[in-house]
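Notes for the one structure printed next.
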């Protein structure tokens with residue numbers, strides 16, 4: 001169970017949760033042919049913006065520009081847990097999770113609970129307004145600090161294991177000292193690796209005959225790659241400690257493959273992130289200087305983005 005605080009109108013988030021787009025180029029894990037198997041535990045009756053505003057106004061909550069207006073809660077388990085389970089069993093799992101959150105944060109605060117069956121692992125996005133019993137908008141009071149978040153996880157596991165005794169508690173962040181590395185970082189790295197491989201293939205085909213045309217094509221591809229690579233590096237700096245720990249663990253993890261448990265599997269996936277980061281940095285460093293120089297020059301000429 002993971003919480004993500006949201007301060008804006010959540011148009012893009014709603015489009016992702018409710019699958020209102022025709023294509024999802026930014027998330028290759030989505031198989032739109034399976035989207036028909038997605039379902040709701042709680043069906044939103046309006047847009048996410050209307051749902052949140054309606055609850056906040058009805059409660060008479062005072063708000064600021066930086067107020068957390070709702071929480072996007074991700075509920076899932078390992079692929080091994082869901083393997084072999086029927087649709088009814090999967091639905092029962094997520095309904096049990098909704099029952100837990102309804103009791104903890106108030107049923108009326110929940111405005112959407114959508115289960116995605118069209119990605120690699122079934123998971124649910126549950127959205128709720130953090131309105132307290134006395135009518136205040138306070139994510140801090142409801143979610144709490146790191147110590148309280150650990151208590152959330154302990155309580156959630158205690159609730160779920162009663163109905164699903166085969167589920168195991170993951171390693172607590174209070175024990176590992178790590179923050180969770182978001183899924184989006186893994187996906188950013190995977191998408192960039194594919195993009196880099198494509199650019200490298202184009203670079204390899206440059207010869208004296210086609211050099212003029214090919215260099216223009218590669219420059220256009222790199223013009224999209226460089227800012228995305230910079231964005232990933234910014235994300236990676238936030239999780240330097242966690243990624244450094246993974247580097248030390250990867251060697252020993254290979255020996256545990258035969259008896260891999262969900263926690264080990266998750267770390268191996270993180271090891272793949274390490275490999276992709278290494279590949280991307282090597283690719284960036286090997287990119288001809290003429291392309292990097294041209295990109296930096298173009299960046300300097302672009303007007304700065306205006307603050308909203």
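The values are calculated or read from the model by the stated rules, or taken from the named source; none is laboratory data. Computed from a predicted model, the values in this text were never measured in an experiment. A quick note on method: Cβ atoms are made from the backbone with ideal geometry, for glycine too, and the neighbour counts reach across all protein chains shown.
Considering every residue within segment 76-89, establish whether at least one is in the same structural domain as residue 16 (by TED's automatic domain parsing), modelled with pLDDT under 95 and in contact with a helix residue (DSSP H, G or I) (Cβ under 6 Å, 6 or more places away or on another chain). Scanning segment 76-89 turns up at least one residue that is in the same structural domain as residue 16 (by TED's automatic domain parsing), modelled with pLDDT under 95 and in contact with a helix residue (DSSP H, G or I) (Cβ under 6 Å, 6 or more places away or on another chain). Residue 190 fulfils the conditions (1) modelled with pLDDT under 85; (2) assigned by TED's automatic domain parsing to the domain that holds residue 52 except for a single criterion, (2). Identify the single condition in (1) in contact with a helix residue (DSSP H, G or I) (Cβ under 9 Å, 6 or more places away or on another chain); (2) outside any loop (DSSP other than H, G, I, E, B); (3) touching a residue at least 40 places away in the same chain (Cβ under 8 Å); (4) over 21 Å from residue 132 (Cα atoms) that residue 29 does not satisfy, given that it satisfies every other one. Against the list (1) in contact with a helix residue (DSSP H, G or I) (Cβ under 9 Å, 6 or more places away or on another chain); (2) outside any loop (DSSP other than H, G, I, E, B); (3) touching a residue at least 40 places away in the same chain (Cβ under 8 Å); (4) over 21 Å from residue 132 (Cα atoms), residue 29 comes up short only on (2). Close contacts from segment 122-147, counting a first residue that is free of Cβ contacts under 8 Å to residues at least 12 places away in the same chain and a second that is crowded, with 20+ Cβ neighbours inside 10 Å, with Cβ to Cβ under 7 Å and a gap of 6+ residues or different chains, come to 132/142; 138/130.
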